[in-house]
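*Asks:* Take a look at the following structure, please.
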Amino acid sequence: QVHLVESGGGLVQAGGSLRLSCAASGLFFSINTMGWYRQAPGKERVLVATITSGGSTNYADSVKGRFTISRDNAKNAVYLQMNSLTPEDTAVYYCNADAKRTILSALRDYWGQGTQVTVSS
């Protein structure tokens, strides 16, 4: 089982910054893509940013130029630096990882419990 634990959420004023962290633990063979998704009240969960084990990144258009995703493969951790936050960024942010439990296992999606980010105007 792969456990993902997020931290770093909170309340910030518009224009401010937050840094989210997510660390993977448990027994697994490898982690491929890691990423961040968010879900605002009454809306579906959507992609924010992803990063492969090789460092290739992908961002939602709404966060390009403001958010930066990074990763520490040695620590099995992924980070999301969020700058120039707006009230529209308010949501629960979820960490995601595609991982293989053993060398023979298929890739499987794992999710963290989520961390609340609230941006006040």
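*Asks:* So for the range 29-121, what are the equivalent ellipsoid semi-axes in whole Å, largest first, each being the square root of 5 times an eigenvalue of the Cα gyration tensor?
*Replies:* Over the Cα atoms of the range 29-121, the ellipsoid semi-axes are 25, 15, 10 Å.
*Asks:* If you average the C-alpha positions of the range 86-121 and of the range 14-39 separately, how far apart do those two centres end up, in angstrom?
*Replies:* For the range 86-121 versus the range 14-39, the Cα centre distance is 6 Å.
*Asks:* Taking the alpha-carbon distance from LYS100 and a cut-off under 18 Å, which lysines remain once sequence neighbours fewer than 8 residues away in the same chain are dropped?
*Replies:* Those lysines meeting the cut-off are LYS75.
*Asks:* Now for a different question. Taking the mean number of other Cβ atoms within 10 Å as a proxy for protection, how do you rank 93-101, 106-114, 27-35 from highest to lowest?
*Replies:* Most protected by this proxy first, the peptides run 93-101, 27-35, 106-114.
*Asks:* Further question: Taking the solvent-accessible surface of protein heavy atoms with a 1.4 Å probe, what is the per residue accessible area of the chain in Å²?
*Replies:* The answer is 52 Å² per residue.
*Asks:* Just want to confirm a number: the relative contact order over the chain, from Cα pairs under 8 angstrom separated by 6+ residues, in percent.
*Replies:* 37
*Asks:* Rounded to the nearest percent, how much of the accessible area of the chain (1.4 Å probe, protein heavy atoms only) is carbon and sulfur?
*Replies:* Heavy-atom surface of the chain belonging to carbon and sulfur, 1.4 Å probe: 50 percent.
*Asks:* Considering only DSSP beta bridges with both partners in the chain, what is the antiparallel share in %, to the nearest 5?
*Replies:* Restricted to the chain, the bridges split so that about 90 percent are antiparallel.
*Asks:* For the pair ASP61/ILE103, report the inter-label distance in nm, with labels modelled 7 Å from Cα in the Cβ direction.
*Replies:* About 4.4 nm separates the two model spin labels.
*Asks:* Assuming a ≥ b ≥ c are the square roots of the Cα gyration tensor eigenvalues, decide whether the range 17-56 counts as rounded (a/c under 1.5), prolate (otherwise, with a/b larger than b/c) or oblate.
*Replies:* prolate
*Asks:* Net charge within 13 Å of SER17 by Cβ-Cβ distance, Lys/Arg positive one each and Asp/Glu negative one each, not counting SER17 itself?
*Replies:* +1
The values are calculated or read from the model by the stated rules, or taken from the named source; none is laboratory data. None of the values given here were measured: they were computed from a predicted structure. Virtual Cβ from ideal backbone geometry, glycine too; neighbours counted across all protein chains shown. Note: areas computed on protein heavy atoms with side chains; ligands, DNA, RNA excluded. Shrake-Rupley method; radii C 1.70, N 1.55, O 1.52, S 1.80 Å.
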